[in-house]
Amino acid sequence: MFDLTGRTALVTGASGGIGRAIAQALSEAGAKVALSGTRENVLEEVAATLKGESAIVPCNLSDEEAVNGLVSKTEEAIGPLDILVANAGITRDKLLMQMNDDDWNDVLSVNLGSYFRLTKSCVRGMMKRRHGRIIGITSIVGVTGNPGQTNYCASKAGMIGFTKSLAQEVASRGITANTIAPGFIASPMTDVLPDNQKEALLRQIPSGRLGEGADIAAAAVYLASNEAAYVTGQTLHVNGGMAMI
Amino acid sequence: MSDVLERVKKIVVENLDVDGDKVVESASFIDDLGADSLDLVELVMAFEEEFNIEIPDDVQESIRTVGDAVTHIKAHI
């Protein structure tokens, strides 16, 4: 099950914890994977851990021109694109009262604007080939909200609405579009939390642990698979039961 | 090189799965040939490929009939 042999995938934000895990899982399932991100040396490290064919396509997602060219760069490297995993994202956390235009625009442009651009540039080829998988990595807070993250939550909720609309536009052409909404995932940021804060965090999670990159990656492999052909426009919540929506 | 109308006709018949007789210059892709807006996008993609031209988004919106397509293509090849 969930064999991606012969498929190609582009993963943005592949140098981060979740992106890396997704790239590894897609590769494990047989896909050729293009890794995108800004830190080229880290992308090299990730590529070295993949067992299958891979490519590195660095891109700064705040550079609109570069984003517009990313899919064609990817296709030159690994062939026509079957699977897009839009995972890259940034935060500029502040209370709304303190948030300035740059905080707002940067987050919306990188998280949501690049999703629009990337999707637009790969959907044409996918339509021709009558097959495609668009997977947006959103966040639980895009659905629940979170104080200090009006910009980030707006961008993540935006991804969900965008994906639902796109899913309806392209469903008849064999293309699915879904989002995955991770809950709290272990990262260098959560590692350094003091014990009492960690405990408070864990009390909110019925599973009693933080998520791992691999938990999200498994969901991505599923949504990318042939078996998920009838699943589209959905948000798959992977959060240990922290929010049941 | 065969006539532009004939080549357009062939693409329309293949893409929309319609009878060749219905594909006349005055035929509207949506009203007469049963295309939806996504079919229209795909048709334009097929025209671009067949004639090796680029049809900008704002022009795409003005292509409503077979004749519109032929006129535009003739002007750009």
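The values are calculated or read from the model by the stated rules, or taken from the named source; none is laboratory data. None of the values given here were measured: they were computed from a predicted structure. Note: ideal-geometry Cβ built from the backbone for every residue, glycine included; neighbour counts use all protein chains shown. Quick note on the areas: whole protein, heavy atoms, side chains included, nothing else; ligands and nucleic acids left out. Shrake-Rupley method; radii C 1.70, N 1.55, O 1.52, S 1.80 Å.
Just a few scattered comments:
- Within segment A:145-226, none of the GluC sites (Glu not before Pro) combine a DSSP coil assignment with at most 12 other C-beta atoms in a 10 angstrom radius.
- The helix-based estimate of mean residue ellipticity at 222 nm for the protein assembly as shown, built from -39,500 (n - 2.57) per DSSP H run of four or more residues and divided by its residue count, is -14500 deg cm²/dmol to the nearest 500.
- Which listed pairs, of A:LYS51/A:LYS198; A:LYS128/B:LYS22; A:LYS32/A:LYS164; A:LYS164/B:LYS74; A:LYS156/A:LYS198, have C-alpha distances above 32 Å, in listed order: A:LYS51/A:LYS198; A:LYS164/B:LYS74
- The figure for A:PHE116 is an accessible area of roughly 90 square angstrom, using a 1.4 Å probe on the protein chains alone.
- Total accessible area lost when B and A pair, probe 1.4 Å, Å² to nearest 100: 700 Å²
- Over chain B, accessible surface divided per residue gives 56 Å², non-protein components excluded, 1.4 Å probe.
- Per-atom-type breakdown for chain A gives carbon and sulfur 52% of the accessible area (1.4 Å probe, protein chains only).
- Cα centroid separation, segment A:61-81 to segment A:199-225 (Å): 29 Å
- If R0 is 25 Å, the Cβ-Cβ spacing of B:ARG7 and A:ARG129 corresponds to a FRET efficiency of close to 0.65.
- Relative to the longest principal axis of the Cα atoms of chain A, the long axis of helix A:114-129 lies at roughly 30 degrees.
- Label point 7 Å beyond Cα of A:THR5 along Cβ direction - residues of segment A:203-235 with amide nitrogen under 20 Å: A:221-229
- Apolar share of the accessible surface for chain B: 45 percent from carbon plus sulfur atoms, 1.4 Å probe.
- Drop in accessible area of at least 50 Å² in the complex versus isolated chain, residues of segment A:113-143, 1.4 Å probe: A:ARG124, A:MET127, A:LYS128
- Of the residues in segment B:28-77, those shielded by at least 40 Å² of accessible area once partner protein chains are present, compared with the chain alone at a 1.4 Å probe, are B:LEU38, B:GLU42, B:MET45.
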